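Asker: One structure is given below, represented as structure tokens, and several questions about it will come after.
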Amino acid sequence: GNWYPSNFGLNNAEIRQIISHPTNTQILFVATWGSGIYKSMDGGATWIPAVNGLGDWFVKSISIDPVNPSLLYAGTFYGGAYKSSDDGATWQPLSVGLDDTYVPFITVNPFQTYVLVAGTSLGIYTMTQTVSAVETIENSATPNDFCLGQNYPNPFNPQTTIEFSLAEKGNVSIVVYD
């Protein structure tokens, strides 16, 4: 095969890294030197900027969570690390505890996706993120007994689901310890 240009919308940006969505081959992200991050929804034919909240447009690396692909992480030249929770639409700083704002490498641990690893000029840093959410599901059927189900997908993911049932309606508190 032959190489052909696939950069409509990139404005001659110097590409530092390209990553693809783990489940949708049409979604790509690029880290650029001086132009921030760009996203393609059509396999790279066209690109749009994804820089809202990104304080440093000199992006050295970008990583995507393989379990929750709406989570993206970026390492920058002088602005530290950033996180997006909405497919790159907005970015928030993620540099608390980093002794260096130069983050040329950032990745998600594929076996424990709540653990980030960043390479800086001062060494390797790790961050364990904690996220919790509770979803209420209404069900009209009342079970006859108490039942606490197995969590899934597994306890090493950043989020897990635990199903339970009670013999009668009431307020319940479930506490999970690490």
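Asker: Of all residues in the stretch 76-88 being open to solvent by 30 Å² or more (accessible area, probe 1.4 Å) and touching a Phe, Trp or Tyr at 6+ places or on another chain (Cβ under 8 Å), which is farthest from residue 48 (Cα to Cα)?
Answerer: Only one residue fits best here, namely 78.
Asker: Only one of 106, 64 is closer than 22 Å to residue 125 by Cα and in contact with a His (Cβ under 9 Å, 6 or more places away or on another chain). Can you tell me which?
Answerer: 64
Asker: Residues that are free of Cβ contacts under 8 Å to residues at least 60 places away in the same chain, buried (at least 20 other Cβ atoms within 10 Å of the Cβ) and in contact with a strand residue (DSSP E or B) (Cβ under 6 Å, 6 or more places away or on another chain): find the strands (runs of 3 or more DSSP E) completely inside the stretch 8-75 holding 2 or more of those.
Answerer: Correct list: 28-33, 37-40, 59-64.
Asker: Ok, one more. How many residues are in a strand (DSSP E or B) and on the phi < 0 side of the Ramachandran plot when one looks only at the stretch 104-123?
Answerer: 10
Asker: Read through the list (1) exposed (fewer than 15 other Cβ atoms within 10 Å of the Cβ); (2) modelled with pLDDT of 95 or more; (3) not in a loop (DSSP other than H, G, I, E, B), then give the number of the only condition that residue 126 fails.
Answerer: (2)
Asker: Taking only pairs six or more apart or across chains, which ones have beta-carbon atoms under 6 Å, a first residue in the stretch 151-171 that is at pLDDT 70 or above, and a second residue that is open to solvent by 50 Å² or more (accessible area, probe 1.4 Å) and of a type in the set (D, E, K, R)?
Answerer: Note: pairs meeting the criteria are 167/145.
Asker: Go through the stretch 89-103 and give me each residue that's open to solvent by less than 40 Å² (accessible area, probe 1.4 Å) and either of a type outside the set (Val, Ile, Thr) or in a strand (DSSP E or B) (or both).
Answerer: 91, 94, 95, 98, 100
Asker: Going by the structure shown, is residue 79 in contact (Cβ under 8 Å) with a residue 24 or more places away in the chain, over 21 Å from residue 126 (Cα atoms) and assigned to a loop (DSSP other than H, G, I, E, B)?
Answerer: no
Asker: For the stretch 1-45, which residues satisfy the criterion of being within 24 Å of residue 85 (Cβ to Cβ), more than 20 Å from the chain's Cα centre (by Cα) and of a type in the set (Ser, Thr, Tyr)?
Answerer: 35, the sole residue that qualifies.
The values are calculated or read from the model by the stated rules, or taken from the named source; none is laboratory data. This one's a predicted model, so the numbers in the text were calculated from it and none came from an experiment. Quick reminder, even Gly has a Cβ in these numbers, built from the backbone with ideal geometry, and neighbours come from all protein chains shown. In case anyone asks, the SASA skips ligands and DNA or RNA and just uses the protein heavy atoms, side chains included. Shrake-Rupley method; radii C 1.70, N 1.55, O 1.52, S 1.80 Å.
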